[in-house]
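Presented below is the structure to which this report refers.
The values are calculated or read from the model by the stated rules, or taken from the named source; none is laboratory data. Being a predicted model, the structure only gives us computed values, none of them experimental. Cβ: placed from backbone, ideal geometry, glycine included. Neighbour counts: every protein chain shown.
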Amino acid sequence: MLNYRTIGSLALCFALMKLGPAYAQQQQALPQASCAQGFYDPAFYNWFSYRNTCPQDLYVAWISNAPGLNGGGNIAVGKKISTGWSASEIKAKGGLAVYICPKNYLPVDSNGNSLTHQVLHYSCKFQGN
């Protein structure tokens, strides 16, 4: 049975695989799928969060299947970021898709626009320091 942690990890794996060549041009190596670990944070209202276990800073964005639960931010090495959403809220919106880029890069669609809904293919666009 899949739980939100498993779904988040699978989405993260898929998101990292989709980065492919665009990511490789911006960074030396593709982070491992386990670099941004999804978990419900008991220290922060038990909201779904991501912890960066990579040796580099990341930008993590999340978008729910149904409109309403979108967000993201830079995560330093060893730090975490909260989505601000509980398990029941995430379930009601059909789960989250995760999009990962290097710090200061944002996930964009094939037209170069910021993501406002889930997409299958995206790239990372530099946003400055």
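Observations
- Candidate set: the range 104-126, residues that are in contact with a Lys or Arg (Cβ under 8 Å, 6 or more places away or on another chain) and aromatic (Phe, Trp, Tyr); chosen: the one nearest to residue 67 (Cα to Cα): 122
- All positions within the range 66-90 that are part of a loop (DSSP other than H, G, I, E, B), surrounded by fewer than 15 Cβ atoms within 10 Å (Cβ to Cβ), without any contact (Cβ under 8 Å) to a residue 40 or more places away in the chain and of a type outside the set (A, V, I, L, M, F, W, C): 68, 78, 79, 84
- For the range 91-103, filtered to residues that are buried (at least 16 other Cβ atoms within 10 Å of the Cβ) and out of contact with any strand residue (DSSP E or B) (no Cβ under 6 Å at 6 or more places or on another chain), the residue that is farthest from residue 75 (Cα to Cα) is 95.
- Hits in the range 76-103 - residues which are under 17 Å from residue 65 (Cβ atoms) and in contact with a Leu (Cβ under 8 Å, 6 or more places away or on another chain): 83, 85, 89, 90, 93, 96, 98, 99
- Qualifying residue in the range 28-43 (condition: in a loop (DSSP other than H, G, I, E, B) and at pLDDT 90 or above): yes
- Each residue in the range 50-65 was checked for being hydroxyl-bearing (Ser, Thr, Tyr) and either surrounded by 23 or more Cβ atoms within 10 Å (Cβ to Cβ) or within 14 Å of residue 105 (Cβ to Cβ) (or both), and 2 of them qualify.
- Close pairs (7 angstrom Cβ cut-off, 6 or more residues apart or separate chains): in a loop (DSSP other than H, G, I, E, B) in the range 112-129, among the polar types (S, T, N, Q) and surrounded by fewer than 17 Cβ atoms within 10 Å (Cβ to Cβ) anywhere: 118/65; 121/110; 127/104; 128/104; 129/104
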